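Asks: A single structure is presented below for examination.
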Amino acid sequence: MPAVRSRMAARYRSLTTMESVAVLLVLVTALVHLYEGVEDLGEGVLGVMFILAGLGFLGAIVLFFLDYPRLPLYIVGIFYTGLQFVLYFVLRWPNVYDTLGLFDKIVQLVLMLVLVELFRSERAKSEGDSPETPASDGTMTED
């Protein structure tokens with residue numbers, strides 16, 4: 001267990017600014033979902049869905065700090081957050097003007113944009129590790 005903790009601590013110290021923003025946004029939306037879930041727990045399945053959504057976001061943070069491969073984590077994060085975003089409006093229509101809910105949707109919208117940028121930079125970085133580089137005529141050559 002100490003090895004896991006030291007690996008997570010090292011990962012925390014090496015975060016880029018964009019990664020730090022993503023972790024903060026994921027934490028905010030997780031806490032909002034957990035709060036809403038506890039608040040709505042007596043109303044049936046909706047409260048449980050909120051709690052599960054919040055736990056899903058927290059699980060993503062754990063996977064991130066355990067150095068789970070970034071590209072799949074970012075892709076799943078984009079779609080998971082996008083699903084949360086859409087479901088808010090589908091399940092609450094036309095009563096979508098809840099202050100905390102709209103705040104969370106703004107957080108999630110920014111989170112999706114950050115995740116897209118992280119995905120793009122990670123993909124470019126992984127493609128840059130390839131031994132092939134484009135030649136001036138557009139074909140690939142070996143380095």
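Asks: Are any residues in segment 10-27 over 18 Å from VAL116 (Cβ atoms) and in a helix (DSSP H, G or I), and if so, which ones?
Replies: Residues satisfying the conditions are ALA10, ARG11, TYR12, ARG13, LEU27.
Asks: Right, next: Among the residues of segment 115-134, is any within 14 Å of VAL28 (Cα to Cα), at pLDDT 95 or above and of a type in the set (Val, Ile, Thr)?
Replies: Within segment 115-134, none of the residues are within 14 Å of VAL28 (Cα to Cα), at pLDDT 95 or above and of a type in the set (Val, Ile, Thr).
Asks: Within segment 72-107, take every residue that is touching a residue at least 60 places away in the same chain (Cβ under 8 Å) and hydrophobic (A, V, I, L, M, F, W, C) and give me the one that is most open to solvent (accessible area, probe 1.4 Å).
Replies: The extreme case among them is PHE103.
Asks: While we're looking at this one, here's another question. What pairs come up if the first residue lies in segment 108-128 and is under 19 Å from THR17 (Cβ atoms), the second is open to solvent by 80 Å² or more (accessible area, probe 1.4 Å), and their beta carbons are under 6 Å apart, counting only those six or more places apart or on different chains?
Replies: none
The values are calculated or read from the model by the stated rules, or taken from the named source; none is laboratory data. Given the structure is predicted, the values throughout are model-derived calculations rather than measurements. FYI the Cβ positions are ideal-geometry reconstructions off the backbone, even for glycines, and counts take in every protein chain you see. Accessible surface areas use protein heavy atoms only, side chains included; no ligands, DNA or RNA. Shrake-Rupley method; radii C 1.70, N 1.55, O 1.52, S 1.80 Å.
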